[in-house]
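The values are calculated or read from the model by the stated rules, or taken from the named source; none is laboratory data. This is a predicted model, so every value here is computed, not measured. Positions of Cβ are backbone-derived with ideal geometry, glycine not excepted, and every protein chain shown enters the neighbour counts.
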């Protein structure tokens, strides 16, 4: 079943961010664009490469009024321990949400119930709390933060320009299309 247009679940979760523990609620994510980046577990293999990729682009996400939230079913204590021991994870400045009860993983429909871990799911949520894009990738394949940033910029553009659409490989500043009967069969 499609997640597009679905309102995110109410939640209250702990996190590790900027060397402290913090609680996040649904209300905290409303009013700006959000990226929920689910991954299976801390202290694993593909996950740190993805989280580092996001960390390297975090300032760009922030510059376009978007917050990144990494999410696993680990506790906030485990996030801190991983942050303290891994040079790769030390680069992370975005909130690392702890989801040991699975409220987020189940709410975004990425919980692998048999093992209590989250799938590699990425969700872009608009300021109203609606899912506007998502992908779920097999556990053995990492994602690309550059493509995620491009997709977020395209979604922000069409939200601000509802009469336009972004074609394949659209980059910020490129031409868009204005759907009309005159374009039918002409592309």
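Structural remarks
- Residue 140, sole failed condition from (1) modelled with pLDDT under 95; (2) closer than 20 Å to residue 7 by Cα: (2)
- Scanning the stretch 52-69 for residues that are surrounded by 21 or more Cβ atoms within 10 Å (Cβ to Cβ) and without any contact (Cβ under 8 Å) to a residue 40 or more places away in the chain turns up just one, 68.
- Verdict on residue 55 being under 17 Å from the mean Cα position of the chain (by Cα) and either farther than 17 Å from residue 10 by Cα or part of a helix (DSSP H, G or I) (or both): yes
- The requirement of being touching a strand residue (DSSP E or B) at 6+ places or on another chain (Cβ under 8 Å) and modelled with pLDDT of 95 or more is satisfied by residue 50.
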